[in-house]
Amino acid sequence: MLGQSENTLLINALFAAASEAGKAGWVRFLERLCEAAHAEGAAVQILANEGEGAGWQVGRIALPDAARLHPMRLDRVYSQIDLPGDIEWPGPLRALKVAAGAAGQAVLMIARPHRDFRAAEALALSTLAPHLGQAMMIREALGGERARAARDTEAAEALGAGWVVLTPAGTVLAFDPRVAAEFDAQGWLRLRMGARPEFADPDAALRFRQNLAALGEGREVVRPIPLGPEGRGVLCLAPGQWRGSPALIGHLRDMPRAEALPVARIAGALDLNRSEARLAALLCDGASLRDAAERLGWTLETARSTSKQIYARAGVSGQTGLLRKMFGSALWLG
């Protein structure tokens, strides 16, 4: 029979698996279950309400198909002789099915090839019965949060946006590693935990110190700190909270370049042909008609006539209007 400490370790392993992303936590849990039940294989199978559910297994175990798992009653431990279906399962098996909220249902199984399980060995499943459904609901909820966070990250990445959290004195508490790496690679800004931001441009460093002083005096809004050439990068600071304490929240932006977007995406969004889309990208990035013509190998007159076609198709009245329309569109989000 499982001791109290063994029960606790098994339940802890279950909730640790539910809280982690990926397979590794479930493998550790199932290995611990095999050890507790003296099983040679164990598996978890989610019977999803829609589509195919996830599943994990370790060791030697043959899994019944879903047609035999769906009719199982909830919260009852089945052996191979009373598993639903006309044919007796060929080897020693114990299976438990529980409700798992929006995830559907979850079935936990242990098996070994020859000797049947004693009651004390199968008790591990009974021990987990009150907790398995709750663990699966936690997994489902965290999976949804991770999926939403991933989409938010993708959108922020497409817009060149990121963040940094500073103490009121200006030392780094936390930051978005993706954007920080991009700014560091371009030589504009370096962020290190427990240190003040390091700026490549002395004017940016001066503006940062001025921001700290102004925010320390209680001002709510301070001037943005330009980073990189042509104002491509910017850092904006504002007072806020981080984990319940006063902090400075920094918003980082590396302005995306239209020239880096797929030509077909620009053409489709603005109803242009590919040549017009290439010119539109350069104009959006601030190039003059003369510069754009040189980049594309066109004459100035060709660039001028093509730009008029672009403005007409996009429904704007010049380069400023085109820039406003492109930056206000979903072009950057894929």
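Overview of results
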read-out	value
Region 233-313, Cα convex hull volume normalised per residue, Å³	123
Net +/- balance of residues flanking ARG28 in space, Cβ distance below 14 Å, scoring K and R +1, D and E -1	-1
With all protein chains modelled, accessible area of ARG151 [1.4 Å, Å²]	150
Calculated [θ] (222 nm, deg cm²/dmol) that DSSP helices of n ≥ 4 give over the chain, each run adding -39,500 (n - 2.57)	-14500 deg cm²/dmol
Contour excess over end-to-end distance, with Cα ends at GLU220 and SER329 and 0.36 nm allotted per residue	36.2 nm
√(5λ) per eigenvalue of the Cα gyration tensor, region 200-247, largest first, Å	22, 12, 9
Vicinal HN-Hα couplings computed from phi for region 17-33 (Karplus, 6.51 cos²θ - 1.76 cosθ + 1.60; Hz; Gly/Pro x)	5, 5, 8, 8, 8, x, 8, 4, x, 5, 4, 4, 4, 5, 5, 5, 5
Nitroxide proxy distance, nm - points 7 Å out along Cα→Cβ at ALA213 and SER275	5.6
Set of lysines with alpha-carbon distance to LYS325 below 27 Å, sequence-local pairs under 8 removed	LYS308
Cα centroid separation - region 171-249 against region 276-334, whole Å	33
Computed Rg/Rh of region 144-282, alpha carbon atoms with Kirkwood Rh	1.06
With Cα atoms, 0 to 90° folded angle of helix 300-314 axis to the chain main axis	50
For region 9-128, the Rg and Dmax computed from alpha carbons only, in angstrom	13.3, 38
Rounded to 10°, Cα long-axis angle of helix 274-284 versus longest principal axis of the chain	70
Rel. contact order, % - alpha carbon contacts under 8 angstrom, at least six apart, region 1-132	26
Net charge contributed by nearby residues that have their C-beta within less than 12 Å of GLY101 (K/R +1, D/E -1)	0
Sorted largest first, extent of the chain alpha carbons per principal axis (Å)	86, 53, 28
Reachable lysines, given that their alpha-carbon falls under 29 Å from the alpha-carbon of LYS23 and they are not under 8 places away in the same chain	LYS97
Equivalent ellipsoid semi-axes, region 76-234, via Cα gyration tensor eigenvalues times 5, rooted, Å	60, 16, 14
Förster-model FRET efficiency, 41 Å R0, GLU259 and LEU173, C-beta, rounded to 0.05	0.70
Pair ALA200, ARG304: separation of 7 Å Cα→Cβ label points (nm)	3.7
Mean separation of Cα contacts under 8 Å, 6 or more apart, over the residue count of the chain: relative contact order %	11
Estimated inter-spin distance, LEU9 and GLU31, nm [label 7 Å along Cα→Cβ]	1.3
FRET efficiency estimate (nearest 0.05) - Cβ-Cβ, ARG190 to LEU159, R0 25 angstrom	0.70
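The values are calculated or read from the model by the stated rules, or taken from the named source; none is laboratory data. If you're wondering where the values come from, they're calculated on a predicted model, not measured in any experiment. Here the Cβ is made from the backbone with ideal geometry for all residues, glycine too, and neighbour counts use every protein chain on show. The area values use the complete protein model at the heavy-atom level, side chains included, leaving out ligands, DNA and RNA. Shrake-Rupley method; radii C 1.70, N 1.55, O 1.52, S 1.80 Å.
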